[in-house]
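A short write-up of the structure that comes next.
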Amino acid sequence: MQIDQTSDGSYLVSTEGVNWTILADDTGVTLVDAGYPGDFSAVLDSMKQLGHGLDSLRAVLVTHAHVDHIGSIPQLLSAVSVPVYTSTEESRHARREYLQQATPLDVARNALLPGMLHWSAHIVAKGALRNVAVPTATGVPLNVPLDVPGNPVPFVLPGHTSGHTCFVVGDVVITGDALCTGHMLSRTTGPQVLPAFFDHDRAQHLSTLSMLATLDTTVMHPGHGPIYRGSLAEAVEKALIEL
Ligand SMILES: [Zn+2]
């Protein structure tokens, strides 16, 4: 696990499989995404390394309700009572009114991708086959600051999932899986989109990426891969060229 501070109170926590973000201010901590079910102790440890116990946690935000991003939320909620916020559409996904996630069959069809064997073993060990739902996930208004530590501003960038939500916090944009910089199934680092079988609607995902290009943020926290610093317009262009 690696923790990088990117601005006054914004930290990207990176693990081999997935990232999450911690936003901290004097009112407490907001966690954005929460890893796999097997990442529960790593989530706690990342908060602890920044000087925060679970009693500092004020809210959990969700970019999208795939098991690698909401996995430890049920365990967190059994220890502390905090709200879980995302877009209205993604809150339905988190409550498991429907599921838009790659199936074991999708994975089998892509078995020849380099790194697939190692990745599959990793995610199974992390609890990826467990059914995870967040019945209390709640939709929030978009494009206005949330009243949680860090005051992130949510906006929807649909395609990876129908309600995939990104968050702007000052100079930082938390992109989730809308735009990544690496993945256990990728041989490159730098701005990129994940393999197509992870997307619910690939065409929609690629067409909505242009929304990111309009941001004037200077730092990106991706759902997978290292921090990216620089122009988001250039990042989007690079990701689309590499396809
Ligand atoms: Zn992911």
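The values are calculated or read from the model by the stated rules, or taken from the named source; none is laboratory data. In this text the structure is predicted, and so the values were computed from the model without any measurement. Ideal geometry is used to build each Cβ from the backbone, glycine not excepted, and the neighbour counts take in all protein chains shown. In case anyone asks, the SASA skips ligands and DNA or RNA and just uses the protein heavy atoms, side chains included. Shrake-Rupley method; radii C 1.70, N 1.55, O 1.52, S 1.80 Å.
Points to keep in mind about this one:
- Taking every C-alpha pair closer than 8 Å and separated by at least 6 residues, the mean separation divided by the residue count of the range 2-241 gives a relative contact order of 19 percent.
- Dividing the helix sum by the residues of the chain, where each DSSP H run of 4 or more adds -39500 (n - 2.57), gives a mean residue ellipticity at 222 nm of -7000 deg cm²/dmol.
- Here's the picture: a label point sits 7 Å out from the Cα of D4 along the beta-carbon direction, and within the range 205-243 the residues with their amide nitrogen under 18 Å of it are 217-236, 238-239.
- Rolling a 1.4 Å probe over the heavy atoms of the protein chains gives the chain an accessible area of 42 Å² per residue.
- Reported value for the chain: 108 Å³ per residue, from the convex hull of its C-alpha atoms.
- Low-density loop positions, GluC sites (Glu not before Pro), the range 1-110 - DSSP coil, at most 12 other Cβ in 10 Å: E16, E97
- Computed FRET value (nearest 0.05) for A203 with D55, which takes r as the C-beta separation and R₀ as 45 Å: 0.50
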